[in-house]
1. Straight-line reach from residue 15: which lysines have Cα under 20 Å away, leaving out those fewer than 8 places along the same chain?
2. Treating the angle as unsigned and between 0 and 90°, give the value, to the nearest 10°, between the Cα long axis of helix 43-55 and the longest Cα principal axis of the chain.
3. Express in nm, to one decimal, how much length is gained between residue 2 and residue 70 on full extension, taking 0.36 nm for each residue of separation and deducting their alpha carbon distance.
4. What's the carbon and sulfur percent of the chain's accessible surface, probe 1.4 angstrom, rounded to a whole number?
5. For residue 135, project a label point 7 Å along Cα to C-beta. Then give me every residue of the range 82-105 with its amide nitrogen under 18 Å of that point.
6. Angle, helix 12-24 long axis vs. longest principal axis of the chain, Cα atoms, 0 to 90°, nearest 10?
7. Over the Cα atoms of the chain, compute the convex hull volume and normalise it per residue, giving Å³.
8. Excluding ligands, DNA and RNA, what is the solvent-accessible area per residue of the chain at a probe of 1.4 Å, expressed in Å²?
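The values are calculated or read from the model by the stated rules, or taken from the named source; none is laboratory data. Since this is a predicted model, take the numbers as computed values, not measurements. Here the Cβ is made from the backbone with ideal geometry for all residues, glycine too, and neighbour counts use every protein chain on show. What goes into the accessible areas is simple: the full protein's heavy atoms, side chains included, and nothing from ligands, DNA or RNA. Shrake-Rupley method; radii C 1.70, N 1.55, O 1.52, S 1.80 Å.
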Amino acid sequence: MHIAIAADHNGVALKSRLTVWLTGLGHTVDDRGGYADGAVTDYPPLCADVCLQVVHGAADRGIVLGGSGLGETVACNKIRGIRAGLCHDVWSAGISRGNNDANVLVLAAKVLTPEAAELIAATWLETAFKGGVHQRRLDQIARLERGEVALD
């Protein structure tokens, strides 16, 4: 799988570890930034970059890391076609993929141990979308993105 990854200054160290780990699993990882230069890094441009890689097909999925991951989740979900899920455990990772077909994983570097981040990412990468009733809900979300507020 081709994965675009980025991190603000809080997530750079975890991003580096995940990049090595993901590459070891056979994935192609495209590091889109946030680098260990000590400078504060704003996350919205990084989120937009990773998300546009996913939306335009240059990456199969994206991973974004921040301190809490909350702002990153908001920023990612502003990009049409992105379903970003902030996951703090393997259960939420499974739900974000299985029920929501999340195409961007957001991780909180200040909350997770590196080992937990790897377990969450592994679950997220391995979980298939269930379809069915969940597809109907994704279709409704897509209508919201288009500004159609009357839903059935």
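1. Answer for residue 15, where 20 Å is the Cα cut-off: 110, listed by chain and number.
2. It is inclined by approximately 60 degrees.
3. On the way: separation 68, 0.36 × 68 = 24.48 nm, distance 2.43 nm.
Value of the extension gain: 22.1 nm.
4. Working: 4200 of 7400 Å².
Summing carbon and sulfur atoms, their accessible area is 57 percent of the total for the chain.
5. 97-103, by backbone N distance to the label point.
6. 80
7. Values: hull volume 15.1 nm³, N = 152.
Taking the convex hull of the Cα positions in the chain, it is 99 Å³ per residue.
8. Numbers: 7400 Å² over 152 residues.
So the chain comes to 49 Å² accessible per residue, rounded to a whole number.
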